[in-house]
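Notes follow once the structure below has been shown.
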Amino acid sequence: MVPQEASEESITRSGFHHELEDTKSDARSLVTFDGPDDVYNPLNWPFSKKLKNTLLYGFTTMGSTWASSIFGVGPLIWAPVSELYGRKVSILPPFFIAACFVFGTATAKDLQTVMITRFFTGLFGSAPVTNTGGVMADMWPPRDRAVAMAGYAFAVAGGPLVAPVVGGAIDQSYLGWRWTHYITGMLICFIFLVDIVFMDETFAPVLLVYKAPQLRLQSGNWALHTTHEEWDPSLGQFAQKFLSLPFQMLFDPIGFLFSVYAAFVFGILYLTFASFPIAFQEERHWNEVQGGLPFLSIILGTIIGSAINISNQKFYIAKLQANNGVPVPEARLPPVILGAVVFAAGNFIFGWTSSKHIHWIGEMIGAASIGIGFFSIFQGSINYMVDTFTKYSASAVAAMTFLRCILAGILPLIAGPMFHNLGVNWASSLIGFIAAGMVPIPILFYLYGARIRARGRWSRPPQPESGAQKGSAGNGRGERATV
């Protein structure tokens, strides 16, 4: 997400002068990749190196979501930072700081301390959640990206799904609730140490910044530089060019509707988490460990949802090839449409099989259906936003993350009053009716998305790239995808 060019207006004038300061260097001085097959380009890394970094960044994301708090503000900070200083630098320091605040929660003596430490855990812990998707876009081309994105999306959802099962067992043991945070902090620290040793930087413009000084030294040509270095990184320019863009994306029809839809689905997932103690421990009189087991049904649903998204790849690749290699965002939407229907149906099934006189397998099927719908919508929406906004996708997905995490923090607060007053059946039905009312959103964009994109300021379709252009992709001109 670097500026496409450094205009004189974007450079803060200093008090320093030089007799050649008005002599501009030409394009021959720009450091780029050595052709389309340069192995230094993350898109051309060996499969084993891509897989290693996919797993490392994925586990880092899961470690962060394991300790998930309100992530709303963090994405608006860490996404721009990753576009300036790289993925690794923007992920690991905040990740470690988040671990420190997790330990702070474990040792808290009062509610105020818990609230403060949880806030900062969320603020710093959101860095992996925000930027790891960008890592997938850095390394994997569009035709292969769906599988990598499935791993990223599962890492985002996997932490909140697995953690309650483990946390319930710990809380009910002699260890007590504090050890849920001690173990989380130790998990984050372990992942952090592994990342320090084995994780690689993947953001192409920053890799070229690493390359440029070596070329200057060995050639003696001190004019060699990258476009990533051609701008003023002052706080004012940072705020103007980066922090404001996610909010501008919310005024785009696609950016707004898909951000709201993904936020709704993500918030409902957390609302469902909060309803499980009522549905299973209060209604069915299960203990705390048993009450955490239904999370496994949602995990099963997310696995099925991942398979649905991956199975759409054949259709997507056919559309990609027919469009001369230019991504067709609407080809990402069939799983989202299916997921929207299944998500609404899952809430109805969950609600109307919640009676203790009905076998618990009915509720498990409903919860699994919610997981299928959630994951199909969540992953498909991310892929759609990346393909739609291309070089502006970092800001688009940051806006989506901002909204979805705000709802994920707010909706669980109403779970108790809502499910106690309406009952599990009608509370779940209310959610189902709202979800059913949103089913037309992906259908609308599947049918008319191309026309809507053509009119948008940020979403106009890119032109097909030539081989030379592909070779210089990621050289620092424009904003790379950050999901």
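Computed from the coordinates by the stated procedures, all read-outs in this text should not be read as laboratory data. Everything numeric in this text was worked out from a predicted model, so none of it was measured. Cβ sites come from the backbone with ideal geometry, for glycine too, and all protein chains shown count toward neighbours.
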Point to revise | Gain on full stretching of the segment that runs from Leu293 to Val166 - 0.36 nm per residue minus C-alpha separation | key: 44.8 nm
Practice item. At 0.36 nm per residue, minus the direct Cα-Cα distance, what do Leu430 and Arg143 gain on full extension? Give it in nm, one decimal, please. Key: 99.5 nm
Point to revise | Using a Förster distance of 56 Å, the FRET efficiency for Val326-Gln112 (Cβ separation, nearest 0.05) | key: 0.60
Exercise for review: Output the pairs from Lys49/Lys211; Lys50/Lys88; Lys211/Lys314; Lys52/Lys88; Lys88/Lys314 with a Cα-Cα distance over 26 Å in this structure; if there are none, say none.
Suggested key: Lys211/Lys314; Lys88/Lys314
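Which whole-number percentage describes the relative contact order of segment 295-393, with Cα contacts under 8 Å and a sequence gap of 6 or more?
Over segment 295-393, the number comes to 41 percent.
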Check your understanding: In Å and whole numbers, how far do the C-alpha atoms of segment 291-380 stretch along each principal axis, longest first?
Key -> 57, 20, 15
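Computed FRET efficiency, Cβ-Cβ of Arg455 and Ala307, R0 25 Å: what is it to the nearest 0.05?
Working: r = 35 Å, r/R0 = 1.40.
Result of the calculation: an efficiency of 0.10.
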**Study point:** Proxy reagent accessibility, fewest Cβ within 10 Å first, across Val328, Val156, Val341
**Key:** Val341, Val328, Val156
Study note, to complete from the structure: Going residue by residue through segment 319-332, the Karplus relation 6.51 cos²θ - 1.76 cosθ + 1.60 with θ = phi - 60° gives ³J(HN,Hα) values, rounded to whole Hz and with x marking Gly or Pro, of 5, 4, 5, 5, 9, 6, x, 8, x, 10, x, 5, 6, 7
**Study point:** Efficiency of FRET between Ser234 and Phe96 - r from beta-carbon atoms, R0 35 angstrom, step 0.05
**Key:** 0.85
Review point. If each of Tyr210 and Tyr448 carries a label point 7 Å out from its Cα toward its Cβ, how far apart are those two points in nm?
Key: 4.7
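Lys and Arg at +1, Asp and Glu at -1: add these up for the other residues within a Cβ distance under 12 Å of Ala212 and post the number.
0
Under the 0.36 nm per residue contour assumption, what length would be gained going from the current alpha-carbon distance of Leu422 and Tyr85 to full extension?
This chain segment gains 116.4 nm when fully extended.
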Study note, to complete from the structure: Amide H proximity to Trp286 below 5 Å, modelled H, separation 5+ or other chain, gives Gln281
